[in-house]
Amino acid sequence: MANFIDKLVTILSNKDKMINTDKIIKLCNQKGIRDNDVRLQHLLKYCNTHDKLINNLQCKELIQENLDIMTKVYTDNFIIKNFHSFSNEVTKLYYKIKKNNSGDVAAYIPQLAKVDGNLWGVSICTIDGQRYSIGDTNIDFSIQSCCKIINYCIAFEQHGELVHKYVGKEPSGVTFNALTLDNQGRPHNPCVNAGAIMTCSLINNYNLDISCLDGNMNIEEYDANRFEYLCSIYKKLCNDEVGFDNSIYLSERATGYRNYALGYFMKEQDVGFPENTDLHNILEFYFQCCSLSVTADKLSILASTLANYGTNPITGEQIFKPETVKNCLSLMNSCGMYDYSGEYSFTIGIPSKSGVGGGIISVIPGVMGFATFSPKLDKYGNSNKGIDFSNQFSKYFNYHHFDKHSSIEKINNNSKDDSSVNSTILQDMESSEYNTYKNILLASVGDLDGLKRMFLKGCDLIQGDYDKRTPLHLAANNGHLEIVQFLCSTYNLSNIFVKDRWGNTPYDDAVKSDHKDIVLFLQKYQISEESEDEI
């Protein structure tokens, strides 16, 4: 590890052996790591308490204190390496879909009918904590049915398979608020209203599991703390507090006749609710859950936690077990989009959950989570723009869960922007011969950052190909002074006259191509090296 730190200090240093901390922060941001990322707290604190230019010793200290994030950034060890190109493609989709104005805001809950239907935002968070947001991603909106999958996860964490004694696993085939149960008298799944109400009755239910009871409180006061406990889980999932919209809650409660009917319908079944369930309190809790205020930005972190199998990718905290997430994603895939779920799974193939507040949470396991927000809904109650985005996003990046093509490769390699082509070849080392080819190509196109990453991975940047052409030859021939300087200073090249198969040196290439600045640098560099040898 010390070798890695020394290498990193070397490539960060300028000609005066000083390091600009602003450059470090800028590179983190370019990779999709935001300044408010907890993994940058130590780095930002250091940068704010020191001069912008620090020496090698200070840089080593900085790297050691922020080793995890610095390693990821400078070895490009992210799930999406070409993040700039990826973000550009998302931006294009965003503006393309912004023109879609079809649909209407939800009207059956009076307060939702007042929401601005033109709001539109997309927020993405990968399993490495790379984030990109565009549009109205910091506007609070009502979470509504998006809460149902989280409630299921909490209940399953507490009770395991016992949950499915009370709630089924099958799509209902009817609307989300239909008065219907399965052949065992249970709600069909946790994503319909009946199932969500039943799931609420399982959260922190000490009658089922006494371990759900906090040792610091008695049974009588536990119901009053259930909502507080729920919010604490959301804070871990979203890396921030979630709000509560009291006007939405009052509106939900005042118009929730169908939900009351569902509650009493389930209560009369043989399975019914867990023992000693207070139906009125459970319905109140259900309305409270649906009235949480969130943003697309916060929900994207929640979605990425599910994509990361229950571990928050930014804080590293495991919130749900992998088995819980597996069950949750299975239900999202089959039941998450109301009675459009089958078509959505068939066409788009991304586990998702929508809410009539206009939000959609989508999860691509092992890659990323994303959240969209647009209040105008289709006839099923799903966000119109959100569906449109998921559809085009899935097709463009081959993200249907049964697509045989590699979506990661498409994200990392697809780009019409010449400036990003260089970074698309930066992948894990396959062989020394292939690495040599990559190094030469990087030098030829002037990708200094790419060469630095290859150097950090332990690649030999002065190795030549079958024609004995080295990265230094290509950099000198194509006029990339910074790369020539980097190669000479990093390897202390005392012999800049290494010849290729035709007897040409990097110096010859610079002269032939009339790159006077490189010719002058190589002349001065050779003189200084000879002087040091004499000493």
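Here, each number is a calculation from the coordinates, and none is a lab measurement. Source: prediction; values computed, not measured. In this analysis, Cβ positions are derived from the backbone assuming ideal geometry, glycine residues included, and neighbour counts consider all displayed protein chains.
Structure summary
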{"item": "Ranking of His515, His50 by count of other Cβ atoms within 10 Å, fewest first", "result": "His50, His515"}
{"item": "Peptides ranked, highest mean first, by Cβ atoms within 10 Å: ranges 375-387, 250-262", "result": "375-387, 250-262"}
{"item": "Ellipticity estimate at 222 nm from DSSP helix runs (n ≥ 4, -39,500 (n - 2.57)) divided over the chain, nearest 500", "result": "-15000 deg cm²/dmol"}
{"item": "Which labelled figure in (i) 38.2; (ii) 33.6; (iii) 29.1 is mean projected area of the Cα convex hull in nm², once derived from the coordinates", "result": "(iii)"}
{"item": "The stretch 446-470-the stretch 267-331 distance, computed between alpha-carbon centres (Å)", "result": "49"}
{"item": "Karplus-derived HN-Hα couplings along the stretch 349-359 (A = 6.51, B = -1.76, C = 1.60, θ = phi - 60°), whole Hz, x at Gly and Pro", "result": "x, 10, x, 9, 9, 10, x, 6, x, x, x"}
{"item": "Chain lengthening between Lys45 and Leu481 when straightened (0.36 nm per residue, less Cα-Cα)", "result": "153.6 nm"}
{"item": "FRET efficiency estimate (nearest 0.05) - Cβ-Cβ, Ser489 to Asp140, R0 45 angstrom", "result": "0.30"}
{"item": "Estimated inter-spin distance, Ser513 and Glu275, nm [label 7 Å along Cα→Cβ]", "result": "8.2"}
{"item": "Global form of the stretch 65-180, assessed from the alpha-carbon gyration tensor, a/c cut-off 1.5", "result": "oblate"}
{"item": "Amide N of the stretch 22-53 lying under 16 Å from the label point, which is placed 7 angstrom from the Cα of Thr91 along Cα→Cβ", "result": "29-33"}
